[in-house]
Ligand SMILES: [Fe+2]
Ligand SMILES: [Fe+2]
């Protein structure tokens with residue numbers, strides 16, 4: 001959907017103004033007006049997946065050189081700290097590097113595929129080899145990375161833009177972001193980490209409960225990246241062109257990367273975590 005190179009072009013948006021009408025159209029997404037609402041709807045209603053990199057040619061395997069994996073798809077670099085994989089892997093292959101770092105190779109390869117192939121969906125056979133404890137550790141490390149590193153970084157850019165916007169647009173932008181941050185916290189901290197993951201951990205320890213089932217998570221799982229995309233469009237399209245244009249291009253890069261990452265994260269939860277927990281629920285007495 002996005003072509004980063006297009007962001008470099010210097011369109012004349014000096015006279016652009018946020019169409020201020022209604023402040024919110026729902027309790028979830030703050031909206032600045034009907035024109036923006038329609039634009040967001042037509043832009044995002046048909047495509048949820050942000051595809052930044054081209055699809056790779058062949059599936060990765062245990063024998064693939066680790067360095068080759070990263071040159072094939074540079075987004076895989078961001079997975080290394082979440083798995084605790086250090087640099088300096090030399091010419092080793094994927095399996096050797098995973099073993100050196102006590103990482104489950106099957107899980108690592110499966111997550112690499114989800115990042116690199118939009119159509120990848122692991123089969124039941126592959127899912128059986130996944131260690132749920134390792135998967136939960138990976139998901140928690142990803143949450144921590146988003147909350148401790150990516151969002152604060154975006155906030156730093158945003159604070160400077162809000163300040164430069166002054167009273168006309170600053171408070172609205174600030175309110176939009178605060179609402180979004182609360183939505184992220186509800187999704188990641190207060191639901192997944194305080195309800196869903198403890199439920200799965202209890203299940204893994206043989207403790208069953210009838211008060212909660214994973215299909216509740218399946219039905220309630222929302223896309224937290226969509227609002228982030230909305231925010232990028234406000235920054236690019238509706239703020240006057242002379243307000244910190246370079247900073248707005250920089251923050252847009254960051255938002256695109258984070259949005260894609262959050263999208264892949266949701267896919268991991270939906271295509272690996274949920275089916276495995278369903279199997280656990282069905283096999284335990
Ligand atoms: Fe999550
Ligand atoms: Fe999630």
- Query: Within region 236-279, how many residues turn out to be assigned to a helix (DSSP H, G or I) and either farther than 18 Å from residue 201 by Cβ or not assigned by TED's automatic domain parsing to the domain that holds residue 219 (or both)?
  - Reply: 28
- Residue set 169, 212; condition surrounded by 13 or more Cβ atoms within 10 Å (Cβ to Cβ), over 16 Å from the mean Cα position of the chain (by Cα) and outside any helix (DSSP H, G or I); output residue 212
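Is it the case, given these coordinates, that residue 140 is assigned to a helix (DSSP H, G or I), within 20 Å of residue 263 (Cα to Cα), in contact (Cβ under 8 Å) with a residue 40 or more places away in the chain and within 16 Å of ligand 2 (Cβ to nearest atom)?
yes
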- Message: Being away from ligand 2 (no atom under 16 Å from the Cβ) and in a helix (DSSP H, G or I) narrows it down to one residue among 183, 218, 194, 179; which is it?
- Response: 179
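The values are calculated or read from the model by the stated rules, or taken from the named source; none is laboratory data. Everything numeric in this text was worked out from a predicted model, so none of it was measured. All Cβ positions, even for glycine, are placed from backbone atoms using ideal geometry, and neighbour counts span all protein chains on display.
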